[in-house]
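Written out below as structure tokens is the structure these notes cover.
Values quoted throughout were computed directly from the atomic coordinates according to the rules given, and no laboratory measurement underlies them. Quantities reported herein were computed from a predicted structural model and do not represent experimental measurements. Ideal geometry is used to build each Cβ from the backbone, glycine not excepted, and the neighbour counts take in all protein chains shown.
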Amino acid sequence: MVSGILNAAVSGLSYNAQRIGAAADNIVNVSITGFKRTDIHSQNLSTGGVQSIARPFNGVQGLLTSSGSGTDLALSGPGYFAVSASSVSPQGASGDESLFTRDGSFAPDNRGYLVNTSGHYLLANAADGSGGLSRVNLQAIGGTAEATSTTQVGANLPATAQVGERFSINARATDSLGNDLDVALNFDAQAGGAYRLSVGSITETSSGATSAVAREGSSAGPSYDVTVQFSADGTVASFDGGAQAPALNISGLSSGADDLTIQLDLGAVGAANGLTRYGSEFALGSVQSDGARFGAVSNVDIATDGRVTAVFDNGERREIARIPVATFTNPSGLSAENGGAYRATDASGEPTYQHAGSGGAGHVQSGALEQSSTDLGREFVNLIVAETSYRASLEVLKAADQLSKSLLDEIA
């Protein structure tokens, strides 16, 4: 009988000590991003007393709060960010063992890798989905430039112009290296109301060079020379008999840039949305070219589906990665590691990587962090109850000790 009382008291002390420890751990981590509280539950033993069972609440959603950084991330819904440990060199990142976390306090380190405050590196797929998971490095994003492929021109060419009278329009274009070009489009009045379109000087603005050559279609084509016919209503009737002006090829750029092939959009046949021929004076409407000069990364946008897009200071955008969300059959079976990370176990099952917002995975929220799931009020109540129960178990232990002494005295 005495041994049974002692076993019950000792197990009660152990159980309540663990409850106190769990409550204290939950309270200490109340301000830790993505922390998940743990409770200690009891199970009756056939031999008397109780057995302690830890129950982690890994799948409980914490409150999301706004932060001041676009690289701070939170998950709204199930799942985890895949990360790698800081102890492994980034050069071997593709072979790192993946850990999992809800702590999305990511920021670039001195090498450009996105790492959270616990020292775990964010892992993501390539933008096109090729390859495995690798660390996201913002410094590895090169600058970008985009060559001009289309130039739109809107202008009124006077119907009263004398044969041979010239009207010139400067069109700004960009080569494959991101350098600007000034292309002179010359419109010479012809007999019968037509206009002849030719290309004058092509000036590379960075060097002032004018060695480039303009041809139709390709560098092997004839010099650019197109007759624009107009209808009686002042709209375009044809370009050399066709419905569209030939593509303008620019070759021989002194910068070493690739040849440019630019489609001149001078308006649709029969519509007054480009070139027109009315009786008024020459009037330039607009000249717009696509393409972009060289630009460096100025910002990073992270969408709710996990797509990471680099934003350049020339206005260009480039998708550079996609952050997957790891989901588990039994999140509570994950093994807790240092720094708020978890390791997959047989109990949790292997991770299933999903696109954020699909397949049961949560959405990625940029500029937000998930707070600890600890409820301070509840934890203090648990602490008080556990401490009271610990004292009660201690009193039972003392009583059993006194009973044991009394029995021994009786025997003696």
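Seen against the Cα atoms of the chain and their longest principal axis, helix 2-28 is set at about 30 degrees. The phi-based Karplus calculation (6.51 cos²θ - 1.76 cosθ + 1.60; θ = phi - 60°) puts the 3J(HN,Hα) values of the range 124-137 at 8, 8, 5, 4, 8, x, 7, x, x, 6, 8, 5, 8, 10 Hz, whole numbers, x for Gly and Pro. Between LEU284 and THR210, the C-beta separation translates, for a Förster distance of 25 Å, into a calculated FRET efficiency of about 0.65. Helix 376-411 and the longest principal axis of the Cα set of the chain meet at an angle near 20°. Annotation: amide H-H contacts under 5 Å for ASP258 (H modelled 1.01 Å from N, sequence separation of 5 or more, or interchain): SER176, LEU177.
A simple packing score, the average count of other Cβ atoms within 10 Å per residue, orders the peptides 63-72, 222-231 as 222-231, 63-72, with the highest score first. Working ranking of peptides 186-192, 261-267, 287-293 by packing, defined as the average number of other Cβ atoms within 10 Å per residue, highest first, is 261-267, 287-293, 186-192.
For SER201, the residues whose amide H sits under 5 Å from its own are ALA184, ignoring neighbours fewer than 5 places away on the same chain, with H placed 1.01 Å from N.
For the range 342-355, backbone phi angles converted through the Karplus equation (6.51, -1.76, 1.60; θ = phi - 60°) give residue-by-residue couplings of 10, 10, 5, 10, 4, 5, 7, x, 6, x, 10, 8, 10, 5 Hz, Gly and Pro being listed as x.
Rounded to whole numbers, the Karplus 3J(HN,Hα) couplings from phi for the range 151-160 are 10, 9, 10, x, 6, 9, 9, x, 6, 9 Hz, using 6.51 cos²θ - 1.76 cosθ + 1.60 with θ = phi - 60°, and x at Gly and Pro.
Look at the alpha carbon pairs under 8 Å that are at least 6 residues apart: their mean separation over the length of the chain gives a relative contact order of 24 percent.
Amide H to amide H distances under 5 Å link SER105 with LEU73, THR117, where only residues 5 or more positions off or on other chains count and H is placed in the peptide plane. Structural size metrics of the range 145-295, computed from C-alpha coordinates, are Rg and Dmax of 15.2, 47 Å.
Only DSSP H runs of four or more residues enter the estimate; each adds -39500 (n - 2.57), and after division by the residues of the chain the mean residue ellipticity at 222 nm equals -5500 deg cm²/dmol.
Among ASP259, ASP301, sorting on how many other beta-carbon atoms sit within 10 Å of each Cβ, with the fewest leading, yields ASP301, ASP259.
Share of Cα-Cα pairs in the chain beyond 38 Å, in percent? More than 38 Å apart: 53 percent of the Cα pairs in the chain.
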